[in-house]
Amino acid sequence: MRIVLMGPPGAGKGTQARRLAESTGMKHLSTGDMLRSEVTTGSELGLLAKGFMDKGDLVPDSTIIAMIQGQLANPAGVLLDGFPRTVIQAESLDESLEVAGLPIDKIVHMSVDTEELVRRLSSRAVCKSCQTPYNLVSDAPSIEGVCDKCGSDVIVRDDDKPEAVMNRMKVYEELTAPVLNYYKTRADVIEIIATGTPDSVFEELTQAIETGN
Ligand code: AMP
């Protein structure tokens, strides 16, 4: 099974994809997590990506497409989080899946109003190592700055700082929202209002994936 999770920055795609991967055994493919781990190791790709990421800009399509190729045919199924983010990426994904004979089974759009997104992003933090997400207001780590899961540092991402957040919202509207229209002309897109708690959104999400609405 292949599921695409769409939604603006701060909609909770990463949180929900992680939970869904745990409960289903599917492989969570987050292009953002992959890029952050390249940045941490200081690879050539990481160095290139960091410049774009820190400003909230998108990393070039060709780089992202090359990075995700080869990961899509995972026999456990894949949960795509943060990809595709442009129509070019969506077209490339369609082509790769068609060649492999693997259709997209579900496309889920998680929507949250802008005010709530900004509120969430401004209190968001993440484990530098295992990428576990935290909310510094409602879901802080038990020991300040230390990940509950792996003990590494919990940090505020450079792209969660106010200037980058505004740019990410703009980039989402200009380049990623059209991907939703691209899919809507080809398939059913499941709509989820993702303003609730992580638990209630997860319940809605799993139900929607099982029943298709
Ligand atoms: P995310 O963790 O999904 O919010 O991604 C963090 C940052 O990584 C984005 O703001 C982009 O700079 C970059 N990124 C992640 N996924 C993609 C993608 N599919 N296309 C281009 N850039 C991406």
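Pull out all pairs, ordered by first then second residue, where Cβ-Cβ is under 8 Å, the residues are six or more apart or on different chains, the first lies in segment 135-146 and is closer than 19 Å to L121 by Cβ, and the second is hydroxyl-bearing (S, T, Y).
From segment 135-146, the pairs are N135/S123; L136/S123; V137/S123; S138/S123; A140/Y134; P141/Y134.
Find all pairs meeting these conditions: Cβ atoms under 7 angstrom apart; at least six residues apart or on different chains; first residue within segment 6-27 and in contact (Cβ under 8 Å) with a residue 60 or more places away in the chain; second residue in a helix (DSSP H, G or I) and hydroxyl-bearing (S, T, Y).
Pairs that qualify, where the first residue is in contact (Cβ under 8 Å) with a residue 60 or more places away in the chain and the partner is in a helix (DSSP H, G or I) and hydroxyl-bearing (S, T, Y), are P8/Y172; P9/Y172.
Taking only segment 65-85 into account, find how many residues are within 14 Å of the ligand (Cβ to nearest atom), touching a residue at least 60 places away in the same chain (Cβ under 8 Å) and among the small types (G, A, S).
1
Please count how many residues of segment 35-54 are near the ligand (Cβ under 8 Å from one of its atoms), touching a residue at least 24 places away in the same chain (Cβ under 8 Å) and in contact with a helix residue (DSSP H, G or I) (Cβ under 7 Å, 6 or more places away or on another chain).
First, pick out the residues of segment 35-54 that are near the ligand (Cβ under 8 Å from one of its atoms): 35-36, 49, 52-53.
Within this subset, residues satisfying the condition of being touching a residue at least 24 places away in the same chain (Cβ under 8 Å) are 35-36, 53.
With in contact with a helix residue (DSSP H, G or I) (Cβ under 7 Å, 6 or more places away or on another chain) added as a condition, the list becomes 35, 53.
Going through segment 35-54 one residue at a time, the tally reaches 2.
Check L102 against each of (1) part of a helix (DSSP H, G or I); (2) among the hydrophobic types (A, V, I, L, M, F, W, C); (3) over 18 Å from the mean Cα position of the chain (by Cα) and name the one condition it does not meet.
(1)
Quick one: how many residues across segment 33-91 are assigned to a helix (DSSP H, G or I), of a type in the set (D, E, K, R) and surrounded by 16 or more Cβ atoms within 10 Å (Cβ to Cβ)? Don't jump to the end; show me each part of the working.
Of segment 33-91, the ones assigned to a helix (DSSP H, G or I) are 33-41, 44-55, 61-68, 87-91.
When the remaining residues are screened for being of a type in the set (D, E, K, R), the result is 33, 36, 38, 44, 50, 54-55, 61, 91.
Now drop any that are not surrounded by 16 or more Cβ atoms within 10 Å (Cβ to Cβ), which leaves 33, 36, 38, 50, 61.
Qualifying residue count, segment 33-91: 5.
Do we have any residue at all in segment 179-201 that's loosely packed, with under 15 Cβ neighbours inside 10 Å, polar (S, T, N, Q), outside any helix (DSSP H, G or I) and more than 15 Å from the ligand (Cβ to nearest atom)?
yes
Just to be sure I understand the filter: pairs with C-beta atoms under 6 Å, separated by 6 or more residues or on different chains, first member in segment 149-170 and more than 11 Å from A125 (Cα to Cα) and among the aliphatic types (A, V, I, L, M), second member in a helix (DSSP H, G or I) and more than 10 Å from the ligand (Cβ to nearest atom). Which pairs pass?
none
List, please: which pairs have Cβ atoms under 8 Å, are six or more places apart or on different chains, and start with a residue in segment 171-193 that is farther than 10 Å from V87 by Cβ and end with one that is basic (K, R) and surrounded by 13 or more Cβ atoms within 10 Å (Cβ to Cβ)?
If the second residue must be basic (K, R) and surrounded by 13 or more Cβ atoms within 10 Å (Cβ to Cβ), the pairs left are I190/K106.
Has segment 35-43 got any residue that is under 23 Å from Y172 (Cβ atoms), modelled with pLDDT of 95 or more, out of contact with any Lys or Arg (no Cβ under 9 Å at 6 or more places or on another chain) and hydrophobic (A, V, I, L, M, F, W, C)?
no
The values are calculated or read from the model by the stated rules, or taken from the named source; none is laboratory data. From a predicted model like this one, the values you see are computed outputs, not experimental measurements. Backbone-built Cβ (ideal geometry, glycine too); neighbour counts: all protein chains shown.
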